[in-house]
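The values are calculated or read from the model by the stated rules, or taken from the named source; none is laboratory data. Quick caveat: nothing in here was measured; it's all calculated off a predicted structure. Note that we place each Cβ from the backbone using ideal geometry, even for glycine, and neighbour counts take in every protein chain shown.
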């Protein structure tokens, strides 16, 4: 058979569309003898599928989202409130007490306002503590006889 | 095609959305169910995934721009949902996705909704042992008789690569089935 004849015979025969693609499947099916779909569903399963039920579930979503948002907002609000409440008293201590209130407090506690002001102006940072011996006290008293009586008066209760 | 465009328009219109959605469910519920079932194998799991798939379709239909066919878009969602489900389940069990599928396929004999004979069971076990991509291609081509062009649109893989995957899958399955080994 010549090449031309071969080509003509090729053109003369045709196969259904997708035949060669399906050959592999058919051979496989014949080899194995396996069912293509061995799976089944419960009776009436497809009829029981309700699209409106799914729509309902879909539309419930914003509520869930709102609930979640509400929860997070509530937690954030509590957190902020705790911070504010713990900070407000300390702020009031420093910012809201006025001079008049201080004066009232001083008077109520029998503190001499003059001494109070004076005490405020004394710089105590330069003061040093000295250990004064008993001999020094005696010497001081002997050299200052006027204060001797006061000394005995002070010693009296301890006798 | 014009019916599909009209359905998409109805789905994207808030006034007709719910009615159009029930039409869509009616048209595609069985096809999508079987697609999902071939991936997750168990009926109850397939039922859950089918519900999630349709809920996702309903929520995202407004974003569908018509770049692909509606049904390939829905199949893509169903495939992703199924694979996500398998991954979640295998994570819960502390095994790989492939191990989970193999295990589920091995338990098919006890499944009341599996009516296959021994050869069908062997085939399912052999499919379960395939890598994910080959398994998907084999299921869609052999079991669902889908066209390469459509599988390509769903899986986002070239037709050439799909043909290669399918060829490898068939070869492996033939080997598994013809050898006398027990799975």
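Every residue, every condition in (1) within 14 Å of another protein chain (Cβ to nearest Cβ); (2) modelled with pLDDT of 85 or more; (3) surrounded by fewer than 20 Cβ atoms within 10 Å (Cβ to Cβ), yes or no:
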site: B:69; (1), (2), (3): no, yes, yes
site: B:88; (1), (2), (3): no, yes, yes
site: B:101; (1), (2), (3): no, yes, no
site: B:114; (1), (2), (3): yes, yes, yes
site: B:126; (1), (2), (3): yes, yes, no
site: B:132; (1), (2), (3): no, yes, yes
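Scanning region B:48-66 for residues that are in contact (Cβ under 8 Å) with a residue 12 or more places away in the chain and at the interface with chain A (Cβ under 8 Å from one of its Cβ atoms) yields B:50, B:54, B:58.
Residue B:169 meets all of the listed conditions (1) buried (at least 17 other Cβ atoms within 10 Å of the Cβ); (2) modelled with pLDDT of 90 or more; (3) more than 14 Å from chain A (Cβ to nearest Cβ) but one, namely (3).
List the residue pairs whose Cβ atoms are under 8 Å apart, where the first residue sits in region A:25-53 and is facing chain B (nearest Cβ under 7 Å), the second is surrounded by fewer than 11 Cβ atoms within 10 Å (Cβ to Cβ) and at pLDDT below 65, and the two are 6 or more positions apart or on different chains. Every condition considered, no pair remains. When residue B:157 is tested against (1) closer than 23 Å to residue B:73 by Cβ; (2) within 14 Å of chain A (Cβ to nearest Cβ); (3) not in a helix (DSSP H, G or I), exactly one condition is not met: (2).
Checked against (1) more than 19 Å from residue B:30 (Cα to Cα); (2) exposed (fewer than 14 other Cβ atoms within 10 Å of the Cβ); (3) within 14 Å of chain A (Cβ to nearest Cβ), residue B:120 passes all but condition (2). Answer with yes or no whether residue B:144 is under 18 Å from residue B:33 (Cβ atoms) and surrounded by 13 or more Cβ atoms within 10 Å (Cβ to Cβ). Yes: the conditions hold for residue B:144. Within region B:139-153, the residues that satisfy the criterion of being under 10 Å from the mean Cα position of the chain (by Cα) and part of a helix (DSSP H, G or I) are B:139, B:140.
Residues in region B:9-18 include at least one that is within 12 Å of chain A (Cβ to nearest Cβ) and in contact (Cβ under 8 Å) with a residue 40 or more places away in the chain.
The residue list B:136, B:130, B:121, B:108 contains one member that is touching a residue at least 12 places away in the same chain (Cβ under 8 Å) and not in a helix (DSSP H, G or I), which is B:130. When residue B:81 is tested against (1) touching a residue at least 40 places away in the same chain (Cβ under 8 Å); (2) more than 20 Å from residue B:145 (Cα to Cα); (3) away from every other protein chain (no Cβ under 14 Å), just one condition goes unmet, and that condition is (3).
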